[in-house]
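Chemist: Could you have a look at this structure, given as structure tokens, before my questions?
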Amino acid sequence: MEKALRVSVRELVAFCFPPEDIILTSGVGDMLAGTKAHRATQQRRDAEIEKTISHSFSISGEEITLFGRMDAFTGGDIPLVEEMKHSSWQGDAAAPDHRAQAICYAAMVALEMGCERVRFCVSYVTTQGEVRRAYEECMDVGELIAQLEEWLTAYVKVALREREHRARRDASLQAMVFPYSQYRAGQRELARQVYTAVVRKRRLFASLPTGTGKSVAVLFPALKALGEGKTGKLLYLTSRNTARQSPLEALQRMLENGAAIRVSMLTAREKMCPHMTRCHPDDCPRAKGHFLREADAVEELLAVEGCWTDQFITAVADRHQLCPFELALKLTELADVILMDLNYAFDPFAQLKRLFQQRRDMTLLIDEAHHVVDRVRESLSGEMDSAFLCQHRAAFGRICGRKHKYYQALTALIHALRKQPPPLPEEREWQEAELQDDLLSQVEKVLEEATMVASMPHPPGIPDVFEVIRLCLPFLHGAEMQKTCEYAILWQAKGKERSVCLYCLSPAPEIARITAGQRGAVFFSATLSPLSCMKQLLGGEEGDACFALPSPFPEENLRVVGRRISTRYQDRETSAAQVAQCIAEMVRFKEGNYLVFFPGYAYLKLVLAHLNEDELPEMWIQTPQMTEEDRAAFFEAFSNTSRPVLGLCVLGGLFSEGIDLPGDQLIGAMIVGVGLPTPSQKLSAIRTCYDQRFGDGFHYACRIPAMQKVQQAGGRVIRSERDQGVLVLVDDRYFTPAYRALLPEHWRLRDEALSPQQSQE
């Protein structure tokens, strides 16, 4: 039996009162400043704070439960419901959507408490809790119920349409069979593990080597669970858009086999936007009236079951003159499966609030999970730089003058930053220090004024205020997150200018928090090892499972050879010639295409000076400033197997993971060094943190991520059961127990030289 409908007050009001135009600053204040404003205002109230309430209604023969939390509630003969908003609203009455929220709560109070009349008030407050404007009304129960039931009737109509889709979807998924004639080795057991994680609402950490067919083996059981009502939506998360191809192919195969599912993609605004301007109706014609035209575009998309790709979404957006990114955001509410970037789940300022604040029935399928720790750490860290703020203030002052409140707020913040310690010795880029008491309040003031400037019409030539907003929000969020995650406070000085960084050391608690509230999370990667360590780094708990599959390819297909050469920083000048000789030996092993991965561009150049180009295949060299055209030409050189080529690349860069060069497109690779990160004060702070948590900070902060890069690069050689090739590991540390233990089990390291004769074995 279909469950009764449920909707939150926030969701109902958003449905009934969409804005007309796109204004990118909408909701920015509510992310952080709104929370502070609520807290500061509520402390001054004698009312009940954050009081939960719900009530069930019968609408069009359907039962629907409305629920939510009142910001403040005061009882009495005529109770008072108060909604508090952090906003610059200055109208003659409360904003329609804010008023509607208050009416919803007032109506439920009247019904639950048997009141004849209820007062409700919408208050607009500052981050310090001061009420700027307040709009109070009093309505009788009949008026309140009539208004609320009108909104619920409109919502139920759409909810019933979605119920019909779910019924058709679930029937198709229950009948769905595995989309290939048979399972590959290990796929069936992996599918069982994924299904169990969803049903038990737990995390699964899975190491799945190349060739496992991991995308379909993860998606198939998750879709089965979706069809059985064990989960409500699947989010397939990747760190690169190119990593979506494999899951997309698996989903398209299941669609062709009858799965009645909606699949959508969400790509960054910058890549979809046809007009690279401010997202404001004054600057972008598509932003003006976007939400008035959106419904027709959504109906057109809903008529086409299947996959809503970027190209399809953009084409529909063009026909309706809509912002394609905002249309894609809307589709995330309607899709059953969404392919999107990690940030839309884990970055506090990119996270899809429309999903994560409203739902607790989603399953996260996290591909390339070895990237998650660094990506989440980056999103939780914030930095303020007085040099940048000075440049921005000067540009703003030339247009709007020095008396503008925003200019003055910037000046106060710059002075607060410059009061920090004197310049550091050149050999130390950052140093740890205490956070000054007044700095956070100055950042809050700049954020408040910047939000005001960004949301209002302004003269042309004003610098991008969003750059400052994007600095302030993570910084303030980092200050709040210090209560739950470990942070280092780092200062840097350049002359009189100062930078301060709130650097997240261990994002595990936040990763755990986000994944704990959903219907299971599957972290999987070809290099998610060692699993026990990665489970700790990714916020795993005692009840979460680990699962690993062996390589499906014969071990003899990959010859792994080690060379005992020191590539440590102090030895690079003397070892460059030896490495060059190793490269010459490798390309003579067998004619074909090879890649060599270096620890950095400087060492690459050192070795390049010792290479004799006349004795080597045509060389292609990665550079720091490669354009999209340069990258495409690099790949094309390897795709054309009519002549051998040699690529010189940087480990952990563009060409060391996520590229597929099967068969003769790549028959060998060399990894120079063990991939250790460059020493820095930030890295030292992470090591200290991990020392305290795990007992071996170097292993967790340096060695594990380094060897994951090595595994990713080495994994480029064998991409199918027919591939054969050679992998050369150049560094004496590969033969030590600590590093050898982190190599994949199917890499049988040999201590030998390569010679052309061995290619005949």
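Chemist: Which condition from (1) touching a Phe, Trp or Tyr at 6+ places or on another chain (Cβ under 6 Å); (2) assigned to a strand (DSSP E or B); (3) of a type outside the set (Asp, Glu) is the one that VAL596 breaks?
Modeler: Just one mismatch for VAL596, condition (1).
Chemist: When residues of segment 308-317 are filtered for being surrounded by 16 or more Cβ atoms within 10 Å (Cβ to Cβ) and either more than 22 Å from HIS165 (Cα to Cα) or under 22 Å from the mean Cα position of the chain (by Cα) (or both), how many remain?
Modeler: Summing the residues that are surrounded by 16 or more Cβ atoms within 10 Å (Cβ to Cβ) and either more than 22 Å from HIS165 (Cα to Cα) or under 22 Å from the mean Cα position of the chain (by Cα) (or both) in segment 308-317 gives 6.
Chemist: While we're looking at this one, here's another question. Tell me which helices (runs of 4 or more DSSP H) are completely within segment 236-307 and hold 3 or more residues being buried (at least 17 other Cβ atoms within 10 Å of the Cβ), of a type in the set (A, V, I, L, M, F, W, C) and modelled with pLDDT of 90 or more, or say none if there are none.
Modeler: The qualifying helices (runs of 4 or more DSSP H) are 245-256, 290-302.
Chemist: Just one of PRO209, PRO285, PRO221, PRO274 is touching a residue at least 12 places away in the same chain (Cβ under 8 Å) and in contact with a Phe, Trp or Tyr (Cβ under 6 Å, 6 or more places away or on another chain); which is it?
Modeler: Checking each option against the conditions leaves just PRO221.
Chemist: Among helices (runs of 4 or more DSSP H) lying entirely in segment 318-424, which contain 3 or more residues that are in contact (Cβ under 8 Å) with a residue 12 or more places away in the chain and open to solvent by 10 Å² or more (accessible area, probe 1.4 Å)?
Modeler: Passing ranges, in order: 324-334, 353-356, 372-380, 386-400, 405-418.
For (1) surrounded by fewer than 21 Cβ atoms within 10 Å (Cβ to Cβ); (2) outside any loop (DSSP other than H, G, I, E, B), each residue gets a yes or a no:
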{"position": "LEU648", "(1), (2)": "no, yes"}
{"position": "GLY653", "(1), (2)": "yes, no"}
{"position": "SER656", "(1), (2)": "no, no"}
{"position": "ASP664", "(1), (2)": "yes, yes"}
{"position": "THR678", "(1), (2)": "yes, no"}
{"position": "ARG687", "(1), (2)": "yes, yes"}
{"position": "ALA701", "(1), (2)": "no, yes"}
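Chemist: Could I ask something else about it? Of all strands (runs of 3 or more DSSP E) completely enclosed by segment 41-140, which ones contain at least 3 residues that are open to solvent by 20 Å² or more (accessible area, probe 1.4 Å), out of contact with any Phe, Trp or Tyr (no Cβ under 9 Å at 6 or more places or on another chain) and of a type in the set (S, T, N, Q)? Give the derivation first.
Modeler: Numbers: elements: 48-59, 62-74, 80-85, 117-125, 131-140.
Hits in segment 41-140: none.
Chemist: Among all residue pairs at least 6 apart or on different chains, which show Cβ distances below 6 Å where the first residue, located in segment 646-662, is among the small types (Gly, Ala, Ser) and the second is part of a loop (DSSP other than H, G, I, E, B)?
Modeler: Final answer for the pair search is GLY658/ARG240.
Chemist: Further question: Quick one: in segment 618-636, which of the residues that are of a type in the set (Asp, Glu) and open to solvent by 80 Å² or more (accessible area, probe 1.4 Å) is nearest to the chain's Cα centre (by Cα)?
Modeler: My answer is GLU628.
Chemist: Say we look at segment 519-549 and pick out the residues that are in contact with a Pro (Cβ under 7 Å, 6 or more places away or on another chain) and within 20 Å of ALA217 (Cβ to Cβ); which of these is surrounded by the most Cβ atoms within 10 Å (Cβ to Cβ)?
Modeler: Among them, the one singled out is ALA526.
Chemist: Shifting gears a bit: Name the residue that is farthest from CYS390 (Cα to Cα), counting only residues in segment 477-504 that are open to solvent by 10 Å² or more (accessible area, probe 1.4 Å) and within 19 Å of the chain's Cα centre (by Cα).
Modeler: Only one residue tops the list, namely MET481.
Chemist: Just to be sure, is SER639 among the polar types (S, T, N, Q), loosely packed, with under 14 Cβ neighbours inside 10 Å and in contact (Cβ under 8 Å) with a residue 24 or more places away in the chain?
Modeler: Yes: the conditions hold for SER639.
The values are calculated or read from the model by the stated rules, or taken from the named source; none is laboratory data. Predicted model, so just to flag it, every value in this text is computed and none were measured. Neighbour counts are summed over all protein chains in view; Cβ atoms, including those assigned to glycine, are modelled from backbone coordinates with ideal geometry. Heads up: the accessible areas ignore ligands, DNA and RNA and are worked out on the full protein's heavy atoms, side chains in. Shrake-Rupley method; radii C 1.70, N 1.55, O 1.52, S 1.80 Å.
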